[in-house]
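Reading through the structure tokens given below for one structure.
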Amino acid sequence: MRDQALWYVAPGQAELRDEAISAPEEDELVCLSALHGAISRGTERLILAGRVPPDEFERMRAPFMAGTFPFPVKYGYATVGRIEHGPRKDEVAFVLHPHQSRFVVPAAAAHRVPPNVPPSRAVLAANMETALNAVWDGAPAPADRIAVVGGGIVGLLVARLCARLPGAEVIVVDVASARASLVQRLGALFALPDAAPVDCDVVFHASASAAGLATALGCAGDEATIVELSWYGSGEVPVPLGGAFHSRRLRLISSQVGKVAPSHRSRWSYGRRLAAALALLDDPVLDGLLAPAVPFGELPARLPTILAADGDARCPLIRYSDG
């Protein structure tokens, strides 16, 4: 089987390109054969559309990415594979790596997947890391009333983490009522926007829409924090800062996984945070967040549908191998 990688090559277009891979000769390198991968619906939708802002080209670079924005670019940051050469041979590991069937990385970049976490679920590690960082930023507490606006993957992972706080009431607000049963399995309540809760202690916004942000602000109680998780690329989004925003002394803050949350930064490395995210995936209910796997060879043709705004909101799963 040829070693191939997915490249975004033009607006709405991607292709598989051959990669020259050889077994590593240095002790600190490992070669992995990919088992599963995950597509970041929000980020990769912007990349496929060529909507990465020029002033974000450098900050948007992912580990082991090749090419330059806007095109062509080899991108992705969620691959789980088995180490076939080098230290820790046969170990299953998660790597922040573009979509590629086989690749060589430093051993330190291959993060051990806990034995109780199947490779297919382990692809959620990057999303879980983002959710964990957001929860640290928002600092919800036991018995809090917590709203999560936007029932995508990151929003649902935030809801799952918050639902495990003793006595917390967690409400996921989304326009798609079909997500209600999954939300309930995660231990949270579901509401449509016109029935969104009010007077919440903490609000997380992850819908990547102006309407969702307005809903999130409306959910917040006096002096509450609204954590903005959405990234809008080159788009401009109106923020309704009139009304009760000032009188209720609301606090709107950003959360982004590129830096460890300030509350943990002095003690937590990136490696420790990712290891914690992988451990948190020992939770079978999270399998409900995964869409049916797409064979890697079919990915270029199916990406436009997978990344469509009205597509399946579950995590797009890539299948490289049955190994």
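A short reminder: the numbers here are calculations on the coordinates, not readings from a lab. Keep in mind that what you see is a predicted model, and the values were worked out from it rather than measured. Cβ placement follows ideal geometry from the backbone for every residue including glycine, while neighbour counts extend to all protein chains displayed.
A few points about this structure:
- Global geometry of the stretch 1-113, whether rounded, prolate or oblate, following the gyration tensor of its Cα atoms and the 1.5 cut on a/c: prolate
- With helices as the sole contributors, the chain gives -6500 deg cm²/dmol at 222 nm; each DSSP H run of n ≥ 4 counts as -39500 (n - 2.57), and the sum is divided by every residue.
- Most fluctuating residue given options GLU19, GLU298, GLU58, as computed from a GNM of the chain linking Cα atoms under 10 Å: GLU58
- Relative to the Cα centre, the charge distribution of the chain, modelled as +1 at Lys and Arg Cβ and -1 at Asp and Glu Cβ, gives a dipole magnitude of about 220 debye.
- Local net charge near ASP287, Cβ-Cβ under 11 Å (Lys/Arg +1, Asp/Glu -1): +2
- The stretch 87-135 shape via C-alpha gyration tensor axes, a/c threshold 1.5: prolate
- Here the Gaussian network model covers the chain, with springs between Cα atoms less than 10 Å apart; of SER254, SER207, SER266, SER266 fluctuates the most.
- Taking the Cα centre of the stretch 221-283 as reference, the dipole from Cβ charges on Lys and Arg (+1) and Asp and Glu (-1) amounts to some 360 debye.
- In nm, spacing of pseudo-spin labels at ALA108 and ALA10 (7 Å Cα→C-beta vector): 4.1
- The stretch 128-254 - Kirkwood radius from inverse mean 1/r over Cα pairs (Å): 14.1
- Cα-based shape type of the stretch 236-313, given that a ≥ b ≥ c are square roots of the gyration tensor eigenvalues and the cut on a/c is 1.5: oblate
- Comparing MET65, PRO106, VAL52 along the charge dipole axis of the chain, the residue lying farthest to the positive side is PRO106, per the Cβ-charge model.
- Taking the charge dipole of the stretch 128-254 about its Cα centre, with +1 at Lys and Arg Cβ atoms and -1 at Asp and Glu Cβ atoms, the residue from GLY212, GLY155, ALA180 reaching farthest to the positive side is ALA180.
- Coordinate range along principal axes, alpha carbons of the chain, Å, largest first: 63, 40, 37
- Normalised contact order of the chain, rounded percent, pairs of Cα under 8 Å and 6 or more residues apart: 19
- The loop-placed trypsin sites (Lys or Arg not before Pro) in the stretch 132-172, going by DSSP, that have at most 15 neighbouring Cβ atoms within 10 Å of their Cβ come out as ARG164.
- Cβ crowding within 10 Å averaged over residues, with 218-226, 90-98, 128-136 ranked highest first: 128-136, 90-98, 218-226
- A DSSP coil position with no more than 16 other Cβ atoms inside 10 Å describes the following chymotrypsin sites (Phe, Trp or Tyr not before Pro) in the stretch 9-77: PHE57.
- In this label model, HIS85 and ALA23 are separated by 0.6 nm, measuring between points 7 Å along each Cα→Cβ vector.
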